[in-house]
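Written out below as structure tokens is the structure these notes cover.
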Amino acid sequence: MVDPHPISDKVYAEAAAWLARLCADRRDSADEEGFKTWLAANPENAAAFEIIDRTWDDLGGISGPEDAAPQERRMSRRVLLASIGLATVGATSFYAFRSASANTFETGVGEQKRVTLEDGSQIFLDAQTKVAVSFSETARSAAMSYGRVNFQVASDAKRPFIVEAAQRRIVANHCDFDVRCDGGRVQVVLIHGQADVRPKAAGSPAARLHSGERLIAVANVEKFDRPKLAPLVAWQDGYEIFESTRLEEAVAEMNRYSDTKITVDPSVADRKVSGVYRTGDNIAFARVVAQLLSVRVRQDDRMLSLMPSENN
């Protein structure tokens, strides 16, 4: 669903605090660097700062010299922000996110959502996913909180599409790729085209992914490979494909799509499951697995338990 009010009160409060701090007489380089870091952390931060700035322009909330005209006081603040590399003065945009549009998209258990963005790009959210998308005249960006998204990026030579997930930043243009974000673990699968992936830390080198390649990153550890694509993109068609997958891991995937949850007894958690399974039908999955792995299914209300068979 689309949140019609995607920016929280907390983010607005942070934006107002940063605006006041930057315009204070005692502003220092640490304030400036801290603000840049905060601004880049989430597209919602930039959008909130823009709204607060415009509002305080209208209300005269931050002023310059008392004998200055209102327009001069507003311009002095814009010159101040320009001095730290965040604005250009004149008829051009106040900063990179001027006229930005921001939306947050979120899905729950078993819910998937396809969205066409204003530039023609398409995003397809898997179950239990949250992503904030922000567009302006100079930037296209998406910040993933958690989950999995397929990005089909429309071509725009002036505005690369930037996806931020955990500690990684993906820069792409006119390509098709999946990003999965689970805590600090990020998986990028390049389906078609190419994209650069780099850590968020300033000065970190980028790794270029081409069609069919995958990057898995956890903290500073990165793994590159060229896996079979079918199991990785089957979710887009409503399936999961397992190939000698630990039962516990397979169940965790299936539970993303159903309110009928499955638990696994530790004694059978390491058994391997293979096959193609329709997502959203955990009862059918449990019954098939019970036959394949010689385990038994115990059902209590909306809970299924995979247990060792009585003969084991």
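The values are calculated or read from the model by the stated rules, or taken from the named source; none is laboratory data. Worth saying up front: this structure is predicted, and the values here are computed from it rather than measured. Glycine also receives a Cβ, built like all others from the backbone with ideal geometry; neighbour counts cover every protein chain displayed. What goes into the accessible areas is simple: the full protein's heavy atoms, side chains included, and nothing from ligands, DNA or RNA. Shrake-Rupley method; radii C 1.70, N 1.55, O 1.52, S 1.80 Å.
Does F151 fit the bill of being touching a strand residue (DSSP E or B) at 6+ places or on another chain (Cβ under 6 Å) and crowded, with 22+ Cβ neighbours inside 10 Å? Criteria met by F151. Residue pairs whose Cβ atoms lie under 6 Å apart, sitting 6 or more positions apart in sequence or on different chains, and linking a residue in segment 176-202 that is within 18 Å of S141 (Cα to Cα) and touching a residue at least 24 places away in the same chain (Cβ under 8 Å) to a partner that is part of a strand (DSSP E or B) and polar (S, T, N, Q), are D176/Q152; D178/N150; R180/Q187. Cβ separations smaller than 8 Å between residues 6+ apart or across chains give the following pairs from segment 220-240 residues that are in contact (Cβ under 8 Å) with a residue 60 or more places away in the chain to residues that are among the hydrophobic types (A, V, I, L, M, F, W, C): V233/V189; V233/I191; Q236/F124.
Rundown of residues vs (1) of a type in the set (D, E); (2) open to solvent by less than 40 Å² (accessible area, probe 1.4 Å); (3) more than 15 Å from Q187 (Cβ to Cβ), yes/no style:
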site	(1), (2), (3)
I216	no, yes, no
V221	no, no, no
Y239	no, no, yes
A250	no, yes, yes
M254	no, yes, yes
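Only a single item in (1) over 26 Å from K130 (Cα atoms); (2) among the aliphatic types (A, V, I, L, M); (3) assigned to a helix (DSSP H, G or I); (4) open to solvent by 40 Å² or more (accessible area, probe 1.4 Å) is not met by V297, and it is number (3).
Looking at this structure, is C175 closer than 20 Å to N255 by Cα, at pLDDT 95 or above and crowded, with 17+ Cβ neighbours inside 10 Å?
Criteria not met by C175.
Checking each residue in segment 253-312 for being at positive phi and without any contact (Cβ under 8 Å) to a residue 24 or more places away in the chain picks out S294, D301. Considering only segment 178-193, state which residues are in contact with a Cys (Cβ under 9 Å, 6 or more places away or on another chain) and surrounded by fewer than 20 Cβ atoms within 10 Å (Cβ to Cβ). Of everything in segment 178-193, those that are in contact with a Cys (Cβ under 9 Å, 6 or more places away or on another chain) and surrounded by fewer than 20 Cβ atoms within 10 Å (Cβ to Cβ) turn out to be Q187, I191, H192, G193.
Residues in segment 194-213 that are open to solvent by 30 Å² or more (accessible area, probe 1.4 Å) and not charged (D, E, K, R): Q194, P199, A201, A202, G203, P205, A206, H210, S211.
Here V273 meets each of (1) closer than 25 Å to Q152 by Cα; (2) open to solvent by less than 60 Å² (accessible area, probe 1.4 Å); (3) among the β-branched types (V, I, T) with one exception, condition (1).
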